[in-house]
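Asker: I have a structure here, written as structure tokens, and I will follow up with some questions on it.
The values are calculated or read from the model by the stated rules, or taken from the named source; none is laboratory data. Treat the numbers as computed from the prediction; the structure is a model and nothing was measured. We place every Cβ from the backbone using ideal geometry, glycine too, and count neighbours over all the protein chains shown. The accessibility values were calculated without ligands, DNA or RNA, using every heavy atom of the protein model including side chains. Shrake-Rupley method; radii C 1.70, N 1.55, O 1.52, S 1.80 Å.
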Amino acid sequence: MIEPKKPRPPKQTLEDLLKSNQVVTGKVIVERKKVMDEAIEFEIRERRYKANNTK
């Protein structure tokens, strides 16, 4: 006996995906990169400061 196929749930629209943060826009990526670069600069400065003050 063949089981009937289950209906698929409807595909999400782009708006739905954006609201649920499953899709990231270019603007968000640029902002994240900017924040990441600032964090890296901070860490590098902190390491230099600690290296100079531990001698």
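Asker: Quickly run through region 1-20 and pick out the residues that are β-branched (Val, Ile, Thr) and more than 34 Å from the chain's Cα centre (by Cα).
Answerer: Ile2
Asker: Does Ile2 satisfy the condition of being open to solvent by less than 100 Å² (accessible area, probe 1.4 Å) and among the β-branched types (Val, Ile, Thr)?
Answerer: So Ile2 fails the test.
Asker: Give the residues of region 11-38 that are loosely packed, with under 10 Cβ neighbours inside 10 Å and in contact with a helix residue (DSSP H, G or I) (Cβ under 8 Å, 6 or more places away or on another chain), sorted by residue number.
Answerer: Once the filter is applied, which keeps residues that are loosely packed, with under 10 Cβ neighbours inside 10 Å and in contact with a helix residue (DSSP H, G or I) (Cβ under 8 Å, 6 or more places away or on another chain), region 11-38 yields only Thr25.
Asker: Assigned to a loop (DSSP other than H, G, I, E, B) and open to solvent by 100 Å² or more (accessible area, probe 1.4 Å): does that describe Arg8?
Answerer: yes
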